[in-house]
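I have placed the structure first, in the form of structure tokens, so that the comments after it can refer back to it.
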Amino acid sequence: MWVKICGITSVEDATSAAAAGADAIGLNFVGGPRLLGPRAAEQILIALPPEVTPVALVRLVNGRLDAQMSELLARFRVSHVQLYGSVSTASLTTLVRDGFRPMPVVAVADEDFADQASGWLSEDNPQCRPVAVVLDAFDPSREGGTGITFRWDWIPAARRTGKLDRWPPIILAGGLRPENVTEAVRVVRPYGVDVSSGVEEAGSPGKKDADRMRAFVLAAKAVIR
């Protein structure tokens, strides 16, 4: 089970996530209380152990990454990008061509969530195929880090109808925490799980709790698939 701890805002939390056994961390360049500036991101990337994959949360504008963001990611060889904004086959093709490994986010509001990806997953073209799709809870005012879940049974239901047959691996997000991730993995059977607010200190968005990170990783990886 691949585990990503998202919303990392400090070197201390990045190294604690690595020590907890996380496979990846998320660096937020989109917005909200966990938003990172270039300098803070650089410090985290310099300190991050090589076995942990950095994933940049980025917003596409007119289907492209901001030039300064592209330069920062290239400098530190960050290839995994979690995409917000308008995603299309053209934007995915450009990202893959430029050496990125795109992970579009689908906000799950109802059982028809798979329809959101029908446009950019309709072509069987390796030049525009995401490496994964992140399923997160829909919130009209926030993108990620909401601490709310959605109905996990919608995902196996969509699988039974064949709607997910051509999908890349699924990474489950949205309201996960050490207390519920085991059940989430059993129901959804995702490739990976993604947590942010569920492993933070109470009332401190962006400040991770080392014990909760460790408990989350153990619980997620303990499920026999």
Subject >> Number of the exception - residue 178 against (1) of a type outside the set (Asp, Glu); (2) without any contact (Cβ under 8 Å) to a residue 12 or more places away in the chain; (3) crowded, with 18+ Cβ neighbours inside 10 Å >> reply: (2)
Original post:
Taking strands (runs of 3 or more DSSP E) that fall entirely within segment 20-121, which contain at least 2 residues that are under 21 Å from residue 166 (Cβ atoms)?
Top reply: 80-85, 101-108
Original post:
Residue check: is residue 33 at pLDDT below 95, more than 14 Å from the chain's Cα centre (by Cα) and surrounded by fewer than 21 Cβ atoms within 10 Å (Cβ to Cβ)?
Top reply: yes
Original post:
Any chance segment 199-222 includes a residue that's surrounded by fewer than 23 Cβ atoms within 10 Å (Cβ to Cβ), of a type in the set (Val, Ile, Thr) and under 26 Å from residue 130 (Cβ atoms)?
Top reply: no
**OP:** Confirm whether residue 92 is surrounded by 22 or more Cβ atoms within 10 Å (Cβ to Cβ) and closer than 17 Å to residue 7 by Cα.
**Re:** no
Original post:
Of these, 56, 18, 24, which one is closer than 27 Å to residue 177 by Cα, touching a residue at least 40 places away in the same chain (Cβ under 8 Å) and touching a strand residue (DSSP E or B) at 6+ places or on another chain (Cβ under 9 Å)?
Top reply: 24
**OP:** Look through 51, 42 and report the one residue that is surrounded by fewer than 16 Cβ atoms within 10 Å (Cβ to Cβ), in contact with a Leu (Cβ under 8 Å, 6 or more places away or on another chain), charged (D, E, K, R) and at pLDDT 95 or above.
**Re:** 42
Original post:
So which helices (runs of 4 or more DSSP H) stay within segment 126-225 end to end and still have 3 or more residues that are among the small types (Gly, Ala, Ser)?
Top reply: 210-221
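Condition first: of a type in the set (Val, Ile, Thr), within 20 Å of residue 193 (Cα to Cα) and in contact with a strand residue (DSSP E or B) (Cβ under 8 Å, 6 or more places away or on another chain). Can you find one or more residues in segment 38-49 that meet it?
no
The values are calculated or read from the model by the stated rules, or taken from the named source; none is laboratory data. All values derive from a computational prediction rather than experimental measurement. Counting neighbours? That spans all protein chains shown, and the Cβs are built from the backbone with ideal geometry, glycine included.
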